[in-house]
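Chemist: This is the structure, below, for whatever I ask next.
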Amino acid sequence: MREYREGIMLFEITKQEVWDKASKDTIGLQQFYDQNKEKYKWDDRAEVTIYTVNTTDEKLIAKFEKLARKKSTAKVIKKMNKVRDVITYEVGTYEKGKNAMVDETVWEKGVLGSPQKDGQQTKYVKIDDVLPKTIKPLSEARGYVIADYQEYLEKNWIEDLKATYPLEINEAVFNKLIK
């Protein structure tokens, strides 16, 4: 019962001194982020459009490839989907190593990647822009910053406790336990 009670007490004081403080102390969190912002970086990223061509008609595929290399996504969709929805697309930003199709494409602005067939569909990746390594703003790195800030607060709290309550070993009692 005593161990359970002390465990609950430890949980509550840790909650007050570390977890709640890290998530509610916006000024302290901002200061911690400002001091450590080099830890929170995006790797090289690419803004891409992933096209899905829903046909096996080689003429339509060739027409799409020609348009996609030179025109914007809106113009490609407008020209290709006149009669029926042949092309669908999704736009995203990917870091290196996060998407195999994007990684296989040459990372240069305007490059249309090699076709990847999947049954009745063919997929293409077009690199719209290449973004260099940049520091993440606090809003995008918040979860990582809070976790690191909690670790920092806990470390400081434990150091304060050690300074306030130094460890004392009763050598006589300790030696009796060994025997």
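Chemist: Quick one: 3J(HN,Hα) in Hz for region 110-123, Karplus 6.51/-1.76/1.60 with θ = phi - 60°, rounded, Gly and Pro as x.
Modeler: Computed from phi, the couplings for region 110-123 are x, 6, 9, x, 5, x, 10, 7, 9, x, 8, 10, 10, 10 Hz.
Chemist: If one computes the Cα centroid of region 87-129 and of region 1-58, what distance in Å separates the two points?
Modeler: First find each Cα centre; the distance between them is then 29 Å.
Chemist: Using Cα-Cα distances under 8 Å and only pairs 6 or more residues apart, what relative contact order does region 1-151 have, in percent?
Modeler: Numbers: 196 pairs, mean separation 52.2, N = 151.
Once normalised by length, the contact order is 35 percent.
Chemist: Positive end of the charge dipole of the chain (Lys, Arg +1 and Asp, Glu -1 on Cβ, about the Cα centre): tell me which of PHE11, GLY143, PHE32 has its Cα farthest that way.
Modeler: With unit charges placed on the Cβ atoms, the residue in question is GLY143.
Chemist: A further question follows. Can you give the helix-only mean residue ellipticity at 222 nm for the chain, where every DSSP H stretch with n ≥ 4 adds -39500 (n - 2.57) and the sum goes over all residues, rounded to the nearest 500 deg cm²/dmol?
Modeler: -15500 deg cm²/dmol
Chemist: Please state the charge dipole magnitude for the chain, taken about the Cα centre, from unit charges on C-beta atoms (+1 on K and R, -1 on D and E), reported in debye and rounded to the nearest 20. Walk me through the numbers before you get to the answer.
Modeler: On the way: 33 positive and 31 negative charges, 277 e Å.
That gives the chain a dipole magnitude of about 1320 debye.
Chemist: At 4 °C and a viscosity of 1.567 mPa s, what translational diffusion coefficient does Stokes-Einstein give for region 75-117, taking Rh as the Kirkwood radius over Cα pairs? Give it in µm²/s as a whole number. Provide the component values of the computation, followed by the final result.
Modeler: Details: Rh = 12.5 Å.
Roughly 104 µm²/s, to the nearest whole number.
Chemist: From the backbone phi of region 5-17, what are the Karplus-calculated ³J(HN,Hα) couplings (6.51 cos²θ - 1.76 cosθ + 1.60, θ = phi - 60°) in whole Hz, Gly and Pro given as x?
Modeler: 4, 5, x, 5, 5, 4, 4, 5, 5, 5, 4, 5, 7
Chemist: Further question: Hey, what's the per residue convex hull volume over the C-alpha atoms of region 4-65, in cubic angstrom?
Modeler: 211 Å³
Chemist: Each residue of region 25-41 in turn: what ³J(HN,Hα) in whole Hz from Karplus with 6.51, -1.76, 1.60 and θ = phi - 60°, glycine and Pro shown as x?
Modeler: Residue by residue, region 25-41 yields 7, 5, 5, x, 5, 5, 5, 4, 4, 4, 6, 10, 4, 5, 6, 10, 10 Hz.
Chemist: Continuing with this model, one more query. Based on the alpha-carbon set only, what is the convex hull volume of region 72-179 divided per residue, in Å³?
Modeler: 244 Å³
Chemist: Here's another thing I want to ask about it. Using all Cα-Cα distances in region 1-121, what percent lands in each 5 angstrom bin from 0 up to the longest?
Modeler: 2, 8, 13, 13, 10, 7, 6, 6, 6, 7, 7, 5, 4, 2, 1, 0
Chemist: Suppose a student asked you for the relative contact order of region 102-145, using Cα pairs under 8 Å spaced at least 6 residues apart; what percent would you report? Please report the intermediate quantities before stating the final value.
Modeler: Working: 42 pairs, mean separation 13.8, N = 44.
Relative contact order here is 31 percent.
Chemist: Another one. Net charge within 14 Å of ASP128 by Cβ-Cβ distance, Lys/Arg positive one each and Asp/Glu negative one each, not counting ASP128 itself?
Modeler: +3
Chemist: Whose amide H sits under 5 Å from the amide H of LEU131, counting only residues 5 or more places off or on another chain, with H placed in the peptide plane?
Modeler: Close amide H contacts, sequence-distant or interchain: ARG45, ALA46, GLU47.
Chemist: Quick one: of LYS41/LYS78; LYS39/LYS98; LYS41/LYS155, which pairs are farther than 27 Å apart, Cα to Cα?
Modeler: As for pairs spanning more than 27 Å Cα to Cα, those are LYS41/LYS78.
Bear in mind these aren't lab numbers, they're just calculated from the coordinates by the rules spelled out. Bear in mind that the values here come from a model prediction, so they are computed numbers and not experimental data. With ideal geometry, Cβ positions are generated from the backbone for all residues, glycine too; neighbour counts draw on all protein chains shown.
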